Amino acid sequence: MTEEEWRTSSDPTQMLAYLDQSGLLQPNLPNWRKVRLFSCGCCRSIWHLLLDERLCKAIAIAEAHADAPAREGRGRPLERARRRIERIASSQGVTFVIAAVREALCLPWYTWRGPAALAARTASAAARASGEPETEARLQAELVRCVFGNPFRPILFDPAWRTPAATALARTAYEENCWEEVPLLADALEEAGCSEAAILSHCRGPGPHARGCWAVDLILDRR
């Protein structure tokens, strides 16, 4: 995949495969966190279809686990949530919505499939659940770009840009899924002296954004 193809792709599966082939999505690397958050972002994109409150709670648990994996173990919250979803699937049947949530909850030791394949399965199920799979796939491709950035052009972030104002806005966006704050984040970064066009344009762009957004992660010093 070329940089131009990355910028214009509407195929999240192809993009995830490229990241995997580049060695960026191995389960023992920090990017496993981003894989899970991308999967949760796909589920949040169809949030209006998660009519069972237990599905919504499961995604919230998966997001929390992404930022605190060391606390997880067999029998802990993520595994309990997954078992709960399996019971829902057994009683109601495996709908595309349930399938998307189930894949987002996968643990690294739970399956032989790699992280890229798991994320692709979540994306596919969510797209089919939406009823407009091609439109949803294009949105998911934007989510890949939001979460993983541009692998062809790594960004050097100046810690001086990490001001209290920028950090507060980024934390609100991240912790509360309040992404309408992101354009204000660009203003705060500019006031701090940031002139990095990629960061500013991403913050001011139309989105979509999700937890794991590469620009927000840089400000919050998350990996």
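At a glance:
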{"item": "Failed condition for ALA126, given (1) surrounded by 24 or more Cβ atoms within 10 Å (Cβ to Cβ); (2) not assigned by TED's automatic domain parsing to the domain that holds ILE98", "result": "(2)"}
{"item": "Tally of residues being in a loop (DSSP other than H, G, I, E, B) and closer than 30 Å to THR122 by Cα across region 143-186", "result": "9"}
{"item": "Identity of the residue in region 2-17, of a type in the set (Ser, Thr, Tyr) and either without any contact (Cβ under 8 Å) to a residue 60 or more places away in the chain or assigned to a loop (DSSP other than H, G, I, E, B) (or both), that ends up nearest to ARG128 (Cα to Cα)", "result": "SER10"}
{"item": "Count of region 175-191 residues which are modelled with pLDDT under 95 and in contact with a Phe, Trp or Tyr (Cβ under 8 Å, 6 or more places away or on another chain)", "result": "0"}
{"item": "Leading residue by the ranking (surrounded by the most Cβ atoms within 10 Å (Cβ to Cβ)) among those in region 192-214 that are among the hydrophobic types (A, V, I, L, M, F, W, C) and in contact (Cβ under 8 Å) with a residue 40 or more places away in the chain", "result": "CYS213"}
{"item": "Residues (in contact (Cβ under 8 Å) with a residue 12 or more places away in the chain and closer than 21 Å to VAL35 by Cβ) located in region 47-62", "result": "LEU50, LEU55, LYS57, ALA58, ILE59, ILE61, ALA62"}
{"item": "Condition broken by ASP221, with the remaining ones in (1) surrounded by 13 or more Cβ atoms within 10 Å (Cβ to Cβ); (2) at positive phi satisfied", "result": "(1)"}
{"item": "Residue check, VAL101 not small (Gly, Ala, Ser) and not in a loop (DSSP other than H, G, I, E, B)", "result": "yes"}
{"item": "Considering residues of region 187-223 that are in a loop (DSSP other than H, G, I, E, B) and among the aliphatic types (A, V, I, L, M) only, the residue farthest from GLY41 (Cα to Cα)", "result": "ALA192"}
{"item": "Close pairs (8 angstrom Cβ cut-off, 6 or more residues apart or separate chains): assigned by TED's automatic domain parsing to the domain that holds ALA117 in region 81-103, exposed (fewer than 15 other Cβ atoms within 10 Å of the Cβ) and of a type in the set (Phe, Trp, Tyr) anywhere", "result": "ARG82/TYR110"}
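The values are calculated or read from the model by the stated rules, or taken from the named source; none is laboratory data. On a predicted model such as this, the values are computed, not experimentally measured, just so you know. Don't worry about glycine lacking a Cβ; one is built from the backbone with ideal geometry, like all the others, and counts go over all protein chains shown.
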